1. Consider segment 115-127. How many of its residues are under 25 Å from Q66 (Cβ atoms) and not in a loop (DSSP other than H, G, I, E, B)?
2. If the requirement is being loosely packed, with under 11 Cβ neighbours inside 10 Å and at pLDDT 90 or above, which of these qualifies: E111, E107?
3. What residue, among those in segment 59-71 that are under 11 Å from the mean Cα position of the chain (by Cα) and surrounded by 13 or more Cβ atoms within 10 Å (Cβ to Cβ), is nearest to E137 (Cα to Cα)?
Amino acid sequence: MSFDHDIVDVRARIRKVESAARLGRSPRVEAAPQLPAARTDGPAVDGVVARERLMAELSITYAGRQYQYSHYRYDRLDDAVAYARKQRSAPSASDAGDSLPPARVEESPDELTRRRMAGYWITYEDGLYHLGPYRYERLLDAMRYARQAGVVKKGSLRALVFPSPS
């Protein structure tokens with residue numbers, strides 16, 4: 001597979017994820033194929049090296065599907081970098097200590113909980129709770145946001161509208 005084919009494949013996978021996100025679904029993306037050894041010079045390699053250097057400098061790790069800084073997880077590297085820089089300029093006592101959160105135990109919701117979730121358009125898929133375009137690790141957080149945002153129970157005449165994610 002040539003470099004151009006790899007780019008086409010990655011772009012197709014990105015389109016698939018973006019399409020699923022627009023439809024409010026959790027995308028099912030197969031693992032990326034192993035790429036041949038990359039060149040050790042040129043702008044693409046320089047960008048990767050700079051990104052890795054920045055992540056190491058700010059103690060940001062990539063934890064499977066999210067970037068992690070301290071106890072916080074982010075979908076986008078830019079968000080993790082912004083928060084890490086903010087914390088470095090004014091560190092607080094709450095960010096001191098172990099940089100890894102405790103291991104997360106995934107428990108599927110039981111039937112009663114699923115019925116309650118359905119009343120607020122909350123779904124559970126791939127270990128995450130979904131409310132519109134938003135994902136939550138804890139049901140309590142999804143329910144709290146649903147109430148705060150004024151999401152009304154199904155059967156109401158009011159439409160469910162979410163701001164577009166940036």
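1. Taking segment 115-127 first, the residues under 25 Å from Q66 (Cβ atoms) are 117, 120-127.
After this cut, where a residue has to be not in a loop (DSSP other than H, G, I, E, B) as well, the list is 117, 122-125.
Of the residues in segment 115-127, 5 are under 25 Å from Q66 (Cβ atoms) and not in a loop (DSSP other than H, G, I, E, B).
2. Numbers: E107 fails: at pLDDT 90 or above.
Exactly one of E111, E107 is loosely packed, with under 11 Cβ neighbours inside 10 Å and at pLDDT 90 or above, namely E111.
3. Of everything passing the filter in segment 59-71, Q66 is nearest to E137 (Cα to Cα).
The values are calculated or read from the model by the stated rules, or taken from the named source; none is laboratory data. Here the structure is a predicted model, which is why all the values come from computation and not from measurement. Note that each Cβ is placed from the backbone with ideal geometry, even for glycine, and that neighbours are counted across all protein chains shown.
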